[in-house]
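This report concerns only the one structure given below.
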Amino acid sequence: MPHGRANCISRLQKCRDSDHGALGWGSARYCGQLGMGLMPKISIGILAMKPLGRFGRLSAVGGAVATTGLLLWGLVGAPAWAAGYQEGFAAYERGDFGGAYEIWLPLAEAGDSDAQFGVGVILDNGQGVSENDAEAAKWYRLAAEHGNPDAQFNLALLYDSGKGIEQNKEEAAFWYRKAAVTGHVGAQYNLALMYESGDGVDRDPAIAAFWYRKAAQQGHAKAQNNLGVLYDKGVGVAEDKAEAAKWYAAAAEQGFARAQFNLGVMYDFGTGVPLDDAKAAGWYRRAAEQGDLEAQFNLALMLDTGEGVPVDKAEAAKWYRKAAEQGNPAAQNNLAVLLDSGDGLPRAPAEAAYWYEQAADRGNTSAMRNLAALYRDGQGVTQNLIEAYKWYSIAIDSMGSGPERETALEERADVAERMERAEIKEGRRLAEEWLKRNGPGSTAPRVANTGPPETTPPERMRTELDSTGSGFFISMGGLVLTNNHVVSGCADLKLRLGREEIGTAAVIASDPSRDLAVLQSASTPPSRAVFRMGRDIRPGDDVVAVGYPLRGLLSSEANVATGTVSANAGLRDDPDYLQISAPVQPGNSGGPLLDRSGLVVGVVSAKLDALEVVDAYGDIPQNVNFAIKARVAAAFLNQHQMTLTATDPGPPLSAADVGEVAQRYTVLVECWK
């Protein structure tokens, strides 16, 4: 750890911004004698997003919500033109939009509200005809006046956005209400948004809660989340944390990232649900994987501190980086702390300086002080006491009173003792210039608090080969499955197919608990693995392990080893593993385990530590090795929405034939640090 920058933790209470739709977090706090603390977790915020787009399908016309399907005439006693309408609908369904328009237009002109609505959709989306929003609005209105709720909703969307007609929020609210009372879920949600914000109607959170509940009861995930926020904050309804958690959970289970984050916060702080750090981390991860910035930060902090999950600094850095690249100053500071200290990943002071400066420019006082310390010590930047004095001064002027400010004053005084009077004067001038441009009350354009940085980080330091493992292609698109322990903490990953280097790879999904990871390679493989489906492999069945053991000692080609399944469970009856007798050596980890028809039944993972067994039992184990079951790998891939190829086992092949096929998609994974 470099002198002057300690990796310590600062926990604050949840902080909520009262502005509609805003997200808030606690201000930075410094802890310890000399260094910067990690920024605290971010708390719940409300999502307020109107779906202004319109689907082009007649069975689901609306914004980000699936609306009531269009009724088809087919009942006894239906009008004579019903058959014509259905003929148009069939044309639309098969993509013949021009044909649908020609069939529906005369029906619409004759007063058929469903055809009027269909003509409006085609004109609205420019399907088979030129887009014409004003004409679409005309046909939506005719259908809406006949009571068609989908047309009422789409007409309201046009008034809401001003697309095709003059924007009129009051008129939008009128038509949303018309559709909402019929049970149209999208209209109920949008009407609730308008009442919550006072947009086109008098603000009334109680009425907003009423319509959110209507939509939420129909399964609308965003309405469920926003209803949860109202209960969480006690806006429009009595505050009820348990009820808030219930609605967050309903939306989270549907995959809505903001609700997953909010539910994670509830578990993290034990509000509305029992405190459960592991569940909090699980929900943060699900939201983070969908790109939720605040969830990425909170997950990173839990991985950084071992809260609810094992400490994994490299994984923490990954999630800090994702949030930092979206412009989160707390994540930028915390990523810089890890890069500065080399805690769990290669030390990179130049990149640390970059991220400290990004966070400092966004007003993060911890980053300001950390950047000052780098300039003071000449770490990652050229030593510059004037710049150090400047950043200490900016941090001090940006802080409130308290021990952190007092410590910063002492740090600046220490720097000042090493400076000439003219240098101190210049440092003050630069600080005042920065504060006029960026400080409180400034009218000059500032660096945005969110959004990606305008510049890119400096190139990383040169890396060296640290370890090797195995992996195998699971798609022709370059996805490689391997063990998490093979790639964890690596600065760079390089792949080889036999003796040929085929390029670099990046981790795009990982699960330390399952010891699995997926890499994205830019290379197109000659082949890819096929998984076994149908009947599970059994103890006594023959298996083939392919990989690159003892790299540099054994052959550069993928090695092929044979054995049998010894047991259908791993150590201590772990049901996610197979015990196998096929020889496994360092470097085999991550390679495929195949049945005799050449299908993947597992991912080679570990061998029993012979020395530990000798100490415990007085005997040396023979051929006791383990592989993660294929079903566990398939579940991991499905969780990350990655597809694999699978088939039933075929006729048995020779072990040589199985190995020859697998060598075409099994790669050496090099970990460079």
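Listing His485, His220 from fewest to most neighbouring C-beta atoms within 10 Å gives His485, His220. Overall shape: oblate for the range 180-237, with the ratio a/c of the largest to smallest alpha carbon gyration tensor axis at 1.5 or above and b/c at least equal to a/b. Within a straight-line Cα-Cα reach of under 16 Å, Lys178 can be paired with the following lysines, leaving aside sequence neighbours fewer than 8 residues apart in one chain: Lys169, Lys214. Assuming a viscosity of 0.692 mPa s and a temperature of 37 °C, what translational diffusion coefficient in µm² per second does Stokes-Einstein assign to the range 463-673, Rh being the Kirkwood radius over Cα pairs? This corresponds to a translational diffusion coefficient of 195 µm²/s.
In straight-distance terms, cross-link reach from Lys313 covers every one of the aspartates and glutamates whose alpha-carbon lies under 19 Å from its own, apart from those fewer than eight places away in the same chain; here that gives Asp277, Glu289, Glu294, Asp304, Glu325, Asp340, Asp343, Glu351, Asp466, Asp492, Asp511, Asp515. Across the range 286-362 the C-alpha pair distances fall into 5 Å bins from zero in the proportions 4, 20, 28, 26, 16, 6, 0 percent.
What does the charge count around Glu432 come to, taking other residues whose C-beta lies under 14 Å from its C-beta (Lys +1, Arg +1, Asp -1, Glu -1)? Result for the neighbourhood of Glu432: +3. Size estimate for the range 538-603 follows the Kirkwood approach: the inverse of mean 1/r over distinct Cα pairs works out to 12.2 Å. Of Thr407, Thr482, the sequence from fewest to most neighbouring Cβ atoms within 10 angstrom is Thr407, Thr482.
Using the alpha carbons of the range 487-529, what is the convex hull volume per residue in cubic angstrom, as a whole number?
Working: hull volume 4.0 nm³, N = 43.
Hull volume over Cα atoms, normalised by residue count, gives 92 Å³.
When Asp199, Asp595 are arranged by Cβ crowding within 10 Å, least crowded first, meaning fewest neighbours, the order is Asp199, Asp595.
Among the listed pairs Lys279/Lys318; Lys222/Lys629; Lys233/Lys279; Lys163/Lys246, which are separated by more than 29 Å between their Cα atoms? Write down the numbers at each step before the final one.
Numbers: Lys279/Lys318 20 Å; Lys222/Lys629 37 Å; Lys233/Lys279 22 Å; Lys163/Lys246 37 Å.
With Cα atoms farther than 29 Å apart: Lys222/Lys629; Lys163/Lys246.
Separation of the range 196-242 and the range 626-641, taken as the distance between their Cα centroids, equals 39 angstrom.
Values quoted throughout were computed directly from the atomic coordinates according to the rules given, and no laboratory measurement underlies them. Since the structure is predicted, the reported quantities are computational estimates derived from the model, not experimental observations. Because the Cβ atoms are built from the backbone with ideal geometry, glycine has one as well, and the counts that use them run over all protein chains shown.
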